[in-house]
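*Asks:* Pasting a structure below so you can have a look.
The values are calculated or read from the model by the stated rules, or taken from the named source; none is laboratory data. These numbers were taken from a predicted model, which means no experiment stands behind them. Virtual Cβ from ideal backbone geometry, glycine too; neighbours counted across all protein chains shown. Keep in mind that these areas ignore ligands, DNA and RNA; they rest on the heavy atoms of the full protein, side chains included. Shrake-Rupley method; radii C 1.70, N 1.55, O 1.52, S 1.80 Å.
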Amino acid sequence: QVQAVESGGGLVQAGGSLRLSCAASGRLFGSYAMGWFRQGPGKEREFVAAIAWNDGSTYYTDSIKGRFTISRDSDKNTVYLQMNSLKPEDTAVYYCAVGSGLRPSREFDYPYWGQGTQVTVSS
């Protein structure tokens, strides 16, 4: 079993920054990926970013490119999402997930999910 625990959400003004963290534990081995998804008010959950653990390849959705950066600390089994130039439309619950890495932008690739952390961006 794998567990993922997010932290770092909060309230920030538009233009500000936040860094989310997600610590994974449990039976992690081989090639896998960790990803961030978000679900805004009244919206479907959507892919934000992912990172392949073996080679560090990164994947981003277009709406956050140039503003968000995903990174990892292999020693701590932790993934980070640095969010800069935040906009009100970034308001959402952000979820961390652990998956196979075969389809890093697809929800079905991730069997293990955290409980989510709220990010609210005020205008």
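*Asks:* Mind checking the range 21-123 for chymotrypsin sites (Phe, Trp or Tyr not before Pro) that DSSP puts in a loop (not H, G, I, E or B) and that have at most 15 other Cβ atoms within 10 Å?
*Replies:* Passing sites in the range 21-123 are Phe29.
*Asks:* Which lysines, if any, have their Cα less than 17 Å from the Cα of Lys65, not counting same-chain residues under 8 positions apart?
*Replies:* In chain and number order, the partners are Lys87.
*Asks:* Near Lys43, which aspartates and glutamates are there with a Cα under 18 Å away, not counting those fewer than 8 places off in the same chain?
*Replies:* In chain and number order, the partners are Asp62, Glu89, Asp90, Glu107.
*Asks:* Tell me, what is the per residue accessible area of the chain in Å², probe radius 1.4 Å?
*Replies:* 52
*Asks:* Tell me which aspartates and glutamates have Cα within less than 17 Å of Lys76's Cα, excluding those fewer than 8 residues away on the same chain?
*Replies:* Excluding near neighbours in sequence, the set is Glu6, Asp55.
*Asks:* Here's something else I'd like to know. Give the calculated FRET efficiency between Arg45 and Ser123 to the nearest 0.05, with a Förster radius of 22 Å applied to their Cβ-Cβ distance.
*Replies:* Computed FRET efficiency for Arg45 and Ser123 comes out at 0.45.
*Asks:* Give the carbon-plus-sulfur fraction of the accessible surface of the range 10-123 in %, rounded to a whole number; probe 1.4 Å, heavy atoms of protein chains only.
*Replies:* On the way: 2630 of 5900 Å².
That fraction is 45 percent.
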